[in-house]
Amino acid sequence: MESKKLTQDDKKKLCCILEEEFEKAANLHRSLRVLTELLYKHFEVPVIVLIDEYDVPLDKAYQDGFYAEMVRLIRSLFSQAFKTNPNLYFAVITGCLRIARESIFTGLNNFKVRTVSDVEFAEYFGFTDDEVRDMLSYYGVEKSFDEMKEWYDGYRFGDVSVYCPWDVINQCDKLRVNAKAPMESHWENSSSNVIVRDILAAATETTKSQMEALISGEAVKKVLIPELTYTDLDSDDQEVRQTYLWSVLFATGYLTDVGETENGVHRLAIPNREVREIYEKRIRSWFKGKVTSDTARWKRFCEALKEGEYKEVQQLFNEFMAVSISIRDTFVRKEMKENFYHGMLLGLLRAEGNWIIRSNADSGTGYTDIILEVPVMKVGCVIEVKYAENGKYDQACKEAMKQMENHGYAEALRQDGMQTIHKYGIACYKKSCKILYGLEK
């Protein structure tokens with residue numbers, strides 16, 4: 001505002017932007033162009049424009065019902081700022097989706113697009129193994145490398161495997177304070193999970209089967225569409241809609257490409273443990289909503305559990321799992337499989353608001369013990385969930401009962417005043433379970 005190189009008219013234009021005087025739409029639409037003009041005029045150096053996450057406003061507009069208006073605004077902003085602008089040296093625009101078919105980039109020439117599938121600059125989309133090792137070494141926490149790799153690595157950009165940089169930076173911040181800090185999900189809280197929710201909401205039996213494969217560590221083969229529009233997600237054609245949803249999952253980091261096959265078909269997989277847990281959480285939420293909506297069956301399940309009617313508990317839990325997404329007997333570690341079933345069961349039980357539920361596996365690691373109390377009836381339940389490798393239900397049930405005895409969970413309930421204690425050793429495999437039962441009075 002004190003520049004001697006700008007005229008009063010120039011400063012008036014700047015004031016309109018600084019004071020957000022956008023009653024006249026033209027002030028907003030030409031704002032980027034005006035800023036480049038004034039910067040060039042004052043510094044006498046061509047301007048570099050950096051725009052990060054240009055598609056986020058489009059996502060918000062799509063969710064809130066003013067998508068068309070936002071498309072028009074961004075198209076106008078970009079057209080005026082980047083098309084035949086003599087004040088511009090160059091611009092870098094980043095985003096998850098290439099929304100060319102909305103004509104946002106109409107008339108803009110000389111664009112070079114670099115996607116996660118391109119080889120050039122691939123290592124700059126995230127951190128490499130060497131960079132993560134160097135960072136951990138700097139903070140003296142080299143022993144955390146294997147866990148960091150399991151949680152945050154796995155994205156394949158071009159021919160390079162990279163880590164999510166946001167996760168690595170935030171976890172290093174935790175580790176520099178406490179070298180034993182557990183791994184956490186950082187990216188989940190910084191991103192939108194709407195797309196995952198939409199896929200589950202529209203899940204067909206085929207989609208459910210593919211989700212099971214992904215969570216189990218397998219890959220699915222999909223044709224990807226690089227240039228997307230949000231309106232395509234609302235297509236009445238189920239096949240078209242699913243194709244776009246899978247493409248968005250890939251573009252936004254919920255899936256990564258583990259190798260392209262012939263005819264443009266991509267092999268997609270969940271990149272790492274953090275993202276897998278996001279899927280599991282959303283699936284548990286979806287499962288809980290679907291199951292508890294069958295009020296009569298869910299109440300029968302809770303009543304049977306409380307009364308020690310283990311055969312009916314077994315039958316009902318099997319019925320619930322028959323309509324759920326399960327964990328296949330593939331690459332996922334045993335404790336993660338147990339945690340998945342534990343999470344499903346915990347979601348069912350917590351829907352009963354009058355019970356006291358305690359879980360030792362909220363962090364998603366370690367043992368999956370559930371203890372519940374029905375204070376009014378002085379009834380307690382101890383539940384241990386085991387994954388029955390290769391369908392060995394009896395062996396897994398016995399292990400569960402032995403673990404309950406070794407940890408003295410029944411005694412803990414007794415000290416809380418519970419007079420009747422039901423013990424359930426639940427062995428799960430794929431979409432079925434078996435229960436071994438014990439009673440203490």
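The values are calculated or read from the model by the stated rules, or taken from the named source; none is laboratory data. Remember, predicted model here, so these are calculated numbers, not experimental data. We place every Cβ from the backbone using ideal geometry, glycine too, and count neighbours over all the protein chains shown. The accessibility values were calculated without ligands, DNA or RNA, using every heavy atom of the protein model including side chains. Shrake-Rupley method; radii C 1.70, N 1.55, O 1.52, S 1.80 Å.
Structure values in brief
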| quantity | calculated |
| --- | --- |
| Selection count, region 376-420, where residues are open to solvent by 40 Å² or more (accessible area, probe 1.4 Å) and in a helix (DSSP H, G or I) | 16 |
| All positions within region 257-289 that are within 23 Å of LYS149 (Cβ to Cβ), open to solvent by 30 Å² or more (accessible area, probe 1.4 Å) and touching a strand residue (DSSP E or B) at 6+ places or on another chain (Cβ under 6 Å) | VAL258, ARG267 |
| Tabulated pairs, region 382-408, first closer than 17 Å to SER432 by Cα, second among the β-branched types (Val, Ile, Thr) and at pLDDT 95 or above, C-beta under 6 angstrom, 6+ apart or interchain | VAL385/ILE426 |
| Every pair of residues 6+ apart whose Cβ atoms lie under 6 Å, when the first sits in region 147-158 and is closer than 17 Å to MET336 by Cα while the second is among the basic types (Lys, Arg) | GLU150/ARG273; TRP151/ARG273 |
| Filter result (open to solvent by less than 30 Å² (accessible area, probe 1.4 Å) and modelled with pLDDT of 90 or more) within region 83-118 | ASN85, ASN87 |
| Residues (under 39 Å from the mean Cα position of the chain (by Cα) and open to solvent by 80 Å² or more (accessible area, probe 1.4 Å)) located in region 23-48 | GLU23, ARG30, ILE48 |
| Selection status of THR94, of a type outside the set (A, V, I, L, M) and within 19 Å of PRO226 (Cα to Cα) | yes |
| Residues within region 1-12 that are in contact with a helix residue (DSSP H, G or I) (Cβ under 7 Å, 6 or more places away or on another chain) and either at pLDDT below 90 or exposed (fewer than 10 other Cβ atoms within 10 Å of the Cβ) (or both), tallied | 1 |
| Matching residues, region 115-172, being over 23 Å from THR94 (Cβ atoms) and hydroxyl-bearing (Ser, Thr, Tyr) | SER137, TYR138, TYR139, SER144 |
| Check on VAL248, under 17 Å from the mean Cα position of the chain (by Cα) and at pLDDT 90 or above | no |
| Contacts under 8 angstrom Cβ, first residue in region 175-186 being under 14 Å from ASP153 (Cα atoms), partner open to solvent by 70 Å² or more (accessible area, probe 1.4 Å) and of a type outside the set (A, V, I, L, M), 6 or more apart | MET183/GLU147; GLU184/LYS174; HIS186/TRP166 |
| Single residue of ASP129, ASP146, ASP153 found to be surrounded by 16 or more Cβ atoms within 10 Å (Cβ to Cβ), at pLDDT 80 or above, closer than 27 Å to GLU188 by Cβ and of a type in the set (Asp, Glu) | ASP153 |
| Criterion violated by VAL71 - all others in (1) open to solvent by 40 Å² or more (accessible area, probe 1.4 Å); (2) assigned to a helix (DSSP H, G or I) satisfied | (1) |
| Members of region 49-58 that are assigned to a loop (DSSP other than H, G, I, E, B) and open to solvent by less than 30 Å² (accessible area, probe 1.4 Å) | TYR54, ASP55 |
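Residues checked against (1) in a helix (DSSP H, G or I); (2) buried (at least 18 other Cβ atoms within 10 Å of the Cβ); (3) in contact (Cβ under 8 Å) with a residue 40 or more places away in the chain:
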| residue | (1), (2), (3) |
| --- | --- |
| ILE17 | yes, no, no |
| GLU21 | no, no, no |
| LYS60 | yes, no, no |
| SER79 | yes, yes, no |
